[in-house]
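Enquirer: Okay, handing you the structure first.
The values are calculated or read from the model by the stated rules, or taken from the named source; none is laboratory data. Note that the structure is a prediction, hence the values are computed from the model and not measured. Virtual Cβ from ideal backbone geometry, glycine too; neighbours counted across all protein chains shown. These area figures cover heavy atoms from the full protein model, side chains too; ligands, DNA and RNA do not enter into them. Shrake-Rupley method; radii C 1.70, N 1.55, O 1.52, S 1.80 Å.
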Amino acid sequence: MCERFSFSAGRTRMKRVFNIDVAEPLQASYNIGPGNNAYVLTNKSTKLQIYRWGLVPRGAKDPGIGLSFPLAKADGIEKRHSFRMPVRQHRCLVFADSFYVWEKNGQAHRILLPHQELMAFAGIWEHWEGPRGQLLKTFSLLTVPANSELQALEQEQMPVLLLDGEDMRQWLLATELSDALRLLQPLPKGILQQYPIGPAIDQLDNDFVDLQRPLR
């Protein structure tokens, strides 16, 4: 599964890859985990926004429950109470340049696209309002069964990556749920690249570029 991910891109690159105009400088984050912020594009706005990772359902009493929902399995998502409304009405893209997985022995790996191209994960979002009117914007990443490359790293699930611009548009804007759900597929073998990295990535408080240095 995807337990952490990273993001490092400037405004020019976001415009080139995703055709998103960004007004403010973007903050690089090399170790994004549940409870941290990330850049998303929702189906309700054309502006890049910052949401917190870990979806808090609208009716939740405790916003801390979001830490239990960083990921949502695509299989049957339209039937699950916490996700059935967001997958119909609140879909989003979550941007990254890589993600991390851990083997059972604790070895971490960085997973990335060729030429370190930017990634767009399929996600769902929600707005939670507290009793004092506070607003919390959160998201979950959708996952599907891991492809053979990630299975070799002892992974059962992988995040949904949308590589085609039309697929991204459909995920955000499809009016028929079936059209959106058909996009939730593992990547074919041969697209993703990976290499092992050091144990400093294990600590969520660590956030620096050398976390991504290949292990020697």
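Enquirer: Counting just the residues of the range 178-211 that are aliphatic (A, V, I, L, M) and out of contact with any strand residue (DSSP E or B) (no Cβ under 8 Å at 6 or more places or on another chain), which one comes out nearest to residue 146 (Cα to Cα)? Before you say what the answer is, go through the steps one by one.
Expert: The initial filter retains those residues of the range 178-211 that are aliphatic (A, V, I, L, M), namely 180-181, 183-184, 187, 191-192, 197, 200-201, 204, 209, 211.
Still in the running and out of contact with any strand residue (DSSP E or B) (no Cβ under 8 Å at 6 or more places or on another chain): 181, 191, 200.
On the way: 181: 17, 191: 13, 200: 25 Å.
Selected residue: 191.
Enquirer: Give me the residue from the range 104-145 that is closer than 21 Å to residue 63 by Cβ and in contact with an Asp or Glu (Cβ under 7 Å, 6 or more places away or on another chain) and, out of that set, modelled with the lowest pLDDT.
Expert: 135
Enquirer: Tell me, yes or no, whether the range 32-43 has at least one residue that is touching a strand residue (DSSP E or B) at 6+ places or on another chain (Cβ under 8 Å), farther than 27 Å from residue 199 by Cβ and open to solvent by 40 Å² or more (accessible area, probe 1.4 Å).
Expert: No: the range 32-43 contains no residue that is touching a strand residue (DSSP E or B) at 6+ places or on another chain (Cβ under 8 Å), farther than 27 Å from residue 199 by Cβ and open to solvent by 40 Å² or more (accessible area, probe 1.4 Å).
Enquirer: State whether the residues of the range 68-77 include one that is open to solvent by 40 Å² or more (accessible area, probe 1.4 Å), touching an Asp or Glu at 6+ places or on another chain (Cβ under 9 Å) and basic (Lys, Arg).
Expert: no
Enquirer: Being modelled with pLDDT under 95 and part of a helix (DSSP H, G or I), is that true of even one residue in the range 88-103?
Expert: Taking every residue of the range 88-103 in turn, none turns out to be modelled with pLDDT under 95 and part of a helix (DSSP H, G or I).
Enquirer: Which of the residues belonging to the range 20-53 are more than 18 Å from residue 91 (Cα to Cα), in contact (Cβ under 8 Å) with a residue 24 or more places away in the chain and among the polar types (S, T, N, Q)?
Expert: Matches in the range 20-53: 29, 31, 36.
Enquirer: Same structure, new question: Give the residues of the range 98-118 that are on the phi < 0 side of the Ramachandran plot and either touching a Cys at 6+ places or on another chain (Cβ under 9 Å) or without any contact (Cβ under 8 Å) to a residue 60 or more places away in the chain (or both), sorted by residue number.
Expert: 99, 100, 101, 103, 104, 105, 111
Enquirer: Being polar (S, T, N, Q) and touching a residue at least 24 places away in the same chain (Cβ under 8 Å) narrows it down to one residue among 151, 155; which is it?
Expert: Result: 155 is the single residue among 151, 155 that is polar (S, T, N, Q) and touching a residue at least 24 places away in the same chain (Cβ under 8 Å).
Enquirer: Hey, another quick one. Select from the range 158-204 the residues that are among the β-branched types (Val, Ile, Thr) and not in a loop (DSSP other than H, G, I, E, B) and write down the one among them that is nearest to residue 36 (Cα to Cα).
Expert: In the first step, residues of the range 158-204 are kept if they are among the β-branched types (Val, Ile, Thr); the result is 160, 175, 191, 197, 201.
This time we only want the ones that are not in a loop (DSSP other than H, G, I, E, B), so: 197, 201.
On the way: 197: 21, 201: 15 Å.
Ranking the qualifying residues of the range 158-204, first place goes to 201.
Enquirer: Just to be sure I understand the filter: pairs with C-beta atoms under 6 Å, separated by 6 or more residues or on different chains, first member in the range 187-216 and touching a residue at least 24 places away in the same chain (Cβ under 8 Å), second member in a strand (DSSP E or B) and of a type in the set (Gly, Ala, Ser). Which pairs pass?
Expert: Once the first residue is touching a residue at least 24 places away in the same chain (Cβ under 8 Å) and sits in the range 187-216, its partners that are in a strand (DSSP E or B) and of a type in the set (Gly, Ala, Ser) give 197/108; 201/108.
Enquirer: Report yes if some residue within the range 130-138 is aliphatic (A, V, I, L, M) and either open to solvent by less than 10 Å² (accessible area, probe 1.4 Å) or in contact with a Pro (Cβ under 6 Å, 6 or more places away or on another chain) (or both); otherwise report no.
Expert: Quick first cut of the range 130-138, residues aliphatic (A, V, I, L, M) only: 135-136.
Remaining after also requiring either open to solvent by less than 10 Å² (accessible area, probe 1.4 Å) or in contact with a Pro (Cβ under 6 Å, 6 or more places away or on another chain) (or both): 136.
Looking through the range 130-138, at least one residue is aliphatic (A, V, I, L, M) and either open to solvent by less than 10 Å² (accessible area, probe 1.4 Å) or in contact with a Pro (Cβ under 6 Å, 6 or more places away or on another chain) (or both).
Enquirer: State the number of residues belonging to the range 146-177 that are over 22 Å from residue 45 (Cβ atoms), in contact with an Asp or Glu (Cβ under 7 Å, 6 or more places away or on another chain) and surrounded by 15 or more Cβ atoms within 10 Å (Cβ to Cβ).
Expert: 2
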